[in-house]
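The values are calculated or read from the model by the stated rules, or taken from the named source; none is laboratory data. Just so it is clear, the model here is predicted, and its values are computed rather than measured. Every residue, glycine as well, gets a Cβ built from its backbone with ideal geometry; the counts of neighbours run over all protein chains shown. We work out accessible area using only protein heavy atoms, side chains counted, and drop any ligands, DNA or RNA first. Shrake-Rupley method; radii C 1.70, N 1.55, O 1.52, S 1.80 Å.
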Amino acid sequence: MTRDLLEQIADDLGIRKGSRESEEFWKVRVAYSAAGKMALGSLWDEEDDNTPISVRHFKHRAERELTALCAIDYDLKYQIEAEKQIDAIVGEIYDIYLNCGYIYHSPNRIAPCEEKIVRINGLSFVRGCGLQEPLKVCGLGLYENIAYAMGNYERVESLIDLYQLQTTPYDKWLEKSVNEEEWQEIKTAGDVEYLRIKTPFYYGYWQGKPDEQIVSLMRTEVNTQGQQSSYYLYKKEGQMVKARQLPYWLIENKGYRFASNWILKRQRTLPPSLYINDGDLIHLHIQYLYPPNIQNFIKLFSWPKYFNDLKKSAFERVMNRDVFRVIRKTLETLGFQFKEGK
């Protein structure tokens, strides 16, 4: 009976099982997407005073869906509840929808966004609550595999416009900064780290020594009071290090990754993301984290590979094959590369 329920949910949401995918992981993917879809629907609920819903209400709806499914299926209970991951997963769902523009936020209240659509390569991608018509779900993102979804949506021209995936404004600012003359000599101390610009990156994105004769990125370490690092473009000339501090608007919310990706592209050392085909699924290994707007977009249209380790899953995602093809083509126009793995 439980299998029949999950199959019905999966059929409604268009979630197919991969050729080599385990039964247990398929169930968790279905539950994750169902919880996200249920939370999105709650944005049209109203409180007793006709005000928009609270963040707590949104999260409670996702939590209730996950808890209910765990209660009737042992595999789900073991994979999610036994790991005490429900709170973390619910928080992840909320953060992704917020960061990708599905939610308008005001103090203690959230409301649904204006619904928009882009049609590309036979797929319709929808940013909205998905209540106008049945829509498929890839991770948490809504789409339909027909060219014309029937709902009343505002139409936009590309996924880049729909999800604000542009990197050009940041790239232009960084390029302009490199060419300006206002570089100041600074004295570096032991609390400074320098961007690693060559593989292997599994040693981390930062190193203890500056590179010579190139423009790169440096940062001060987070101090014991938890204050945010300061980030600088730097160039080392002989024994002298000159730098330009990056403004807060560029580095907030992990925005420094606009700079790190730009520098690695400039040095031709940005590694491609690797993908492996698994029937109707794609397993994506992100070798270097994207700028935050693109990373959030990837997370929206994919499932975590490790539901008990969401931090690790920032690098490891699972996607619908047809959705991946469109996303891959979109990101390649922005200068990001993909390579088929083994």
So, first residue closer than 11 Å to HIS283 by Cβ in segment 310-329, second residue open to solvent by 30 Å² or more (accessible area, probe 1.4 Å) and part of a helix (DSSP H, G or I), Cβ within less than 8 Å, six or more apart or across chains; the pairs are ARG317/LYS299
Among residues of segment 96-107 being surrounded by fewer than 19 Cβ atoms within 10 Å (Cβ to Cβ) and either among the aromatic types (Phe, Trp, Tyr) or not in a loop (DSSP other than H, G, I, E, B) (or both), the residue farthest from the chain's Cα centre (by Cα) is SER106
Being crowded, with 20+ Cβ neighbours inside 10 Å and either assigned to a strand (DSSP E or B) or not aliphatic (A, V, I, L, M) (or both) narrows ILE110, ILE93, ILE89 down to just ILE110
Reported set for segment 200-209 where residues are surrounded by 13 or more Cβ atoms within 10 Å (Cβ to Cβ) and modelled with pLDDT under 90 is PHE201
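I'd like to check something: does segment 175-184 contain any residue that is more than 20 Å from the chain's Cα centre (by Cα), open to solvent by 40 Å² or more (accessible area, probe 1.4 Å) and at pLDDT 90 or above? Reasoning before the result, please.
To start, the set of residues in segment 175-184 that are more than 20 Å from the chain's Cα centre (by Cα) comprises 175-184.
So of that shortlist, the ones also open to solvent by 40 Å² or more (accessible area, probe 1.4 Å) come out as 175-176, 179-182, 184.
Filter again for at pLDDT 90 or above, leaving 175-176.
Yes, segment 175-184 has at least one match.
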The residue that is modelled with the lowest pLDDT, considering only those in segment 308-322 that are surrounded by fewer than 21 Cβ atoms within 10 Å (Cβ to Cβ) and hydrophobic (A, V, I, L, M, F, W, C), is LEU310
Among residues of segment 123-136 being without any contact (Cβ under 8 Å) to a residue 40 or more places away in the chain and open to solvent by 10 Å² or more (accessible area, probe 1.4 Å), the residue nearest to ARG155 (Cα to Cα) is ARG127
Per the filter on segment 61-72, residues crowded, with 20+ Cβ neighbours inside 10 Å and touching a residue at least 40 places away in the same chain (Cβ under 8 Å) are LEU69
Among helices (runs of 4 or more DSSP H) entirely inside segment 230-306, those with 3 or more residues being under 16 Å from PHE336 (Cβ atoms), open to solvent by less than 60 Å² (accessible area, probe 1.4 Å) and of a type in the set (A, V, I, L, M, F, W, C) are 256-267, 292-300
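For segment 91-106, give me the residue count where each residue is of a type in the set (Ser, Thr, Tyr) and at pLDDT 95 or above.
Residues of segment 91-106 that are of a type in the set (Ser, Thr, Tyr), as a first pass: 94, 97, 102, 104, 106.
In the following step, the residues that additionally are at pLDDT 95 or above were identified as 94, 97.
Total meeting the criteria: 2.
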